[in-house]
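The values are calculated or read from the model by the stated rules, or taken from the named source; none is laboratory data. In this text the structure is predicted, and so the values were computed from the model without any measurement. Here the Cβ positions follow ideal geometry from the backbone for every residue, glycine too, while neighbour counts run over all protein chains shown. The accessibility values were calculated without ligands, DNA or RNA, using every heavy atom of the protein model including side chains. Shrake-Rupley method; radii C 1.70, N 1.55, O 1.52, S 1.80 Å.
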Amino acid sequence: MIRLMVTTRRIHGKGIYDAIRERTYPLKGKKMARHNLKNLKKIRFGLCCLFRAEPIAFRQITAKTLQPLPRAEQLARVSEICLHNTRGVLAALCYVAGNGIGAFRIMTPLFPRYTHPEVGYQLAELPDAEAIHRLGAEIRALGKKHDIRLSFHPDQFNVLSSPRPEVVAKTIRELEYQEMLAELVGAEVINIHAGGIYGNKGEALARLQETIQALAPAIRNRLTLENDDVSYSPADLLPVCENLAIPMVYDVHHHRCLTDNLSEPEVTERVVALWQRRGQEPYFHLSSPKNGWQSGSPRPHADYVDPADFPTCWQDLSATVDIEAKAKELAIFQLQRDLGLRKK
């Protein structure tokens, strides 16, 4: 096993965070009492896509660059990048396995421009397809050996609730691509947002349910829905997920920005039940607001996570918590230290 080292630094923040009530509403003008968190050893923390300090990087190429090239050269260019990026996933897994990180979210454009209408391609067309498949087998074996959970999170432009058929069709093509990648590397989750409201939330949710029901089983078996911080709270999505038997990824930061009538413990209990129906460990997302809960919009993410933002109702669970912080692996290490899970 490759074991890589990483440098870390301490948080340089104000150390003062506003209170969050039992029902997660931000309370302005007050401070949050530090949690006395225990029983956190069953929590696995997840790294999202990229690294801050570790020299593991992924490459991209634009359609504009590819379009003037002959088809054979297009395929050669993207093949080399896809091979490089797949090697990067293997290096990332080696790193997280050796550094106390239990999950890794793989970047969506791992195979760049795969679904593009003009320069798109299939894996079988690439000159390096055989080598990529061998790397995929290594990634699956390494993930299984070290119990590393893998996931994908297509961007917000993938919308199954859109009233425009062409947008839904494009999203389905993207999900087919993501499912292919998930099968290649052994990822169990493809997590998406519900999309926009389009003037009528009820109708949008009905379209969402109808479209999900029509998806291929291979996609549905990995699909999850996540609450967002603008349109759909847990109270909106939980009935959809429960009706379709699809897990919800609970983003507690989003819930604190877009509140509803459900408390964090209530949402957590229902989310855990959904994941149990699939026989899997629940997925949560955690981050802290860049400017605190008082100053301006609380939506932008901070470099690090304040331990006071870790929900107490998660502490006894076996769960995966993706850390959505700008400092990436450094933020995970700092939070682990703050929670007493990593030596100083």
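Miscellaneous remarks
- Matching entry among Leu83, Leu90, Leu66 (being crowded, with 21+ Cβ neighbours inside 10 Å and at pLDDT 95 or above): Leu66
- Members of the stretch 316-341 that are open to solvent by 10 Å² or more (accessible area, probe 1.4 Å), assigned to a loop (DSSP other than H, G, I, E, B) and of a type outside the set (S, T, N, Q): Asp316, Leu317, Glu324, Lys326, Lys328, Leu339, Gly340, Leu341
- Complete set of residues in the stretch 245-276 that are open to solvent by 10 Å² or more (accessible area, probe 1.4 Å) and over 20 Å from Asp316 (Cβ atoms): Ala245, His254, Cys257, Leu258, Thr259, Asp260, Asn261
- Flag for Ala131 being assigned to a helix (DSSP H, G or I), modelled with pLDDT of 95 or more and open to solvent by less than 50 Å² (accessible area, probe 1.4 Å): yes
- Residue list for the stretch 54-63, restricted to those being part of a loop (DSSP other than H, G, I, E, B), over 21 Å from Leu150 (Cα atoms) and not polar (S, T, N, Q): Ile61
- Residue in the stretch 135-158 that is surrounded by 14 or more Cβ atoms within 10 Å (Cβ to Cβ), in a helix (DSSP H, G or I) and among the hydroxyl-bearing types (Ser, Thr, Tyr) present: no
- Against the numbered list (1) open to solvent by 20 Å² or more (accessible area, probe 1.4 Å); (2) more than 19 Å from Glu174 (Cβ to Cβ); (3) of a type in the set (Ser, Thr, Tyr), Thr211 comes up short only at (2).
- Considering only residues in the stretch 277-295 that are out of contact with any helix residue (DSSP H, G or I) (no Cβ under 8 Å at 6 or more places or on another chain) and either without any contact (Cβ under 8 Å) to a residue 12 or more places away in the chain or within 15 Å of Asp309 (Cβ to Cβ) (or both), the one that is least open to solvent (accessible area, probe 1.4 Å) turns out to be Gly292.
- Residue match in the stretch 94-113 (condition: surrounded by fewer than 17 Cβ atoms within 10 Å (Cβ to Cβ), among the small types (Gly, Ala, Ser) and over 16 Å from Tyr177 (Cα atoms)): yes
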